[in-house]
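The values are calculated or read from the model by the stated rules, or taken from the named source; none is laboratory data. Remember, predicted model here, so these are calculated numbers, not experimental data. Cβ: placed from backbone, ideal geometry, glycine included. Neighbour counts: every protein chain shown. What goes into the accessible areas is simple: the full protein's heavy atoms, side chains included, and nothing from ligands, DNA or RNA. Shrake-Rupley method; radii C 1.70, N 1.55, O 1.52, S 1.80 Å.
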Amino acid sequence: MIVPGVTGAFSQIVFLRGLEKSLIGIIDKPRELAKALEWRTELAINCIEELAQMGAECIWLGEGPASSSIISPQQYQRFVLPFQKELIKAMRRKGIYSIIHTCGDINNSLHLIAETTTDAIDLDYPVELRKAIDTIGDKVCIKGNINPQELMDFSEKEIYQMCIKKSR
């Protein structure tokens, strides 16, 4: 299965305006930021529809700057979650599976990501796997949490053992 990616609305705004201006917008101009997020969500939905026409079966939704290392769970709930839900709905309408990836430490926002109804969550290595399993349960398939740099020097068997060990 080929899994193309779509950048989430919050990340698109950060890429366009810069991280500092986007974070200031959360505090100083929340209505303007929300309007910009609605606009970018529409563009992302158009991209999802085009990918569906090309035969995509699953889409990876990237929201790197939505990390708990950068924004609070309350900010995630207001400025990321509703727009992710819209993108997931668009994928569902097209019969496409979804995977959400947020870079860094998202331990404090795991419960919110589960609310998106995404099919899978792609965890970065700072996320505590046990916490993710306990928080998300069986609502979402959990993928990841292995530091890719660690994989460079290990055999397939060693990587398998590492994954088993981390899931306990």
As an exercise: evaluate residue 52 against (1) in contact with a Pro (Cβ under 9 Å, 6 or more places away or on another chain); (2) part of a helix (DSSP H, G or I) and give the number of the one condition it does not meet. (1)
Taking the residues in the stretch 122-146 that are assigned to a loop (DSSP other than H, G, I, E, B), closer than 20 Å to residue 60 by Cα and under 17 Å from the mean Cα position of the chain (by Cα) as candidates, determine which candidate is modelled with the lowest pLDDT. 146
Residues that are in a helix (DSSP H, G or I), without any contact (Cβ under 8 Å) to a residue 60 or more places away in the chain and under 14 Å from residue 66 (Cα atoms), drawn from the stretch 1-24: 11, 12, 13, 14, 15, 19, 20, 22, 23
Of the residues in the stretch 129-146, those that are surrounded by 12 or more Cβ atoms within 10 Å (Cβ to Cβ) and either in contact with a strand residue (DSSP E or B) (Cβ under 6 Å, 6 or more places away or on another chain) or not charged (D, E, K, R) (or both) come to 129, 132, 133, 135, 136, 140, 141, 142, 143, 144, 145, 146
Identify, from the list 75, 161, the residue that is of a type in the set (S, T, N, Q) and at pLDDT below 90. 161
Across the stretch 87-121, what is the number of residues that are part of a strand (DSSP E or B), open to solvent by less than 20 Å² (accessible area, probe 1.4 Å) and not β-branched (Val, Ile, Thr)? 2
Here are some conditions: (1) in a helix (DSSP H, G or I); (2) buried (at least 17 other Cβ atoms within 10 Å of the Cβ). Residue 160 meets all but one. Which one does it not meet? (2)
Could you check how many residues of the stretch 68-86 are of a type in the set (Val, Ile, Thr) and open to solvent by less than 20 Å² (accessible area, probe 1.4 Å)? 2
So residue 49, is it open to solvent by 80 Å² or more (accessible area, probe 1.4 Å), of a type outside the set (Val, Ile, Thr), on the phi < 0 side of the Ramachandran plot and modelled with pLDDT of 95 or more: no
Hey, could you check the stretch 2-40 for residues that are open to solvent by less than 10 Å² (accessible area, probe 1.4 Å) and not aliphatic (A, V, I, L, M) and say which is farthest from residue 98 (Cα to Cα)? 25
Inside the stretch 57-67, the number of residues satisfying the requirement of being surrounded by fewer than 21 Cβ atoms within 10 Å (Cβ to Cβ) and either over 14 Å from the mean Cα position of the chain (by Cα) or closer than 15 Å to residue 13 by Cα (or both) is 4
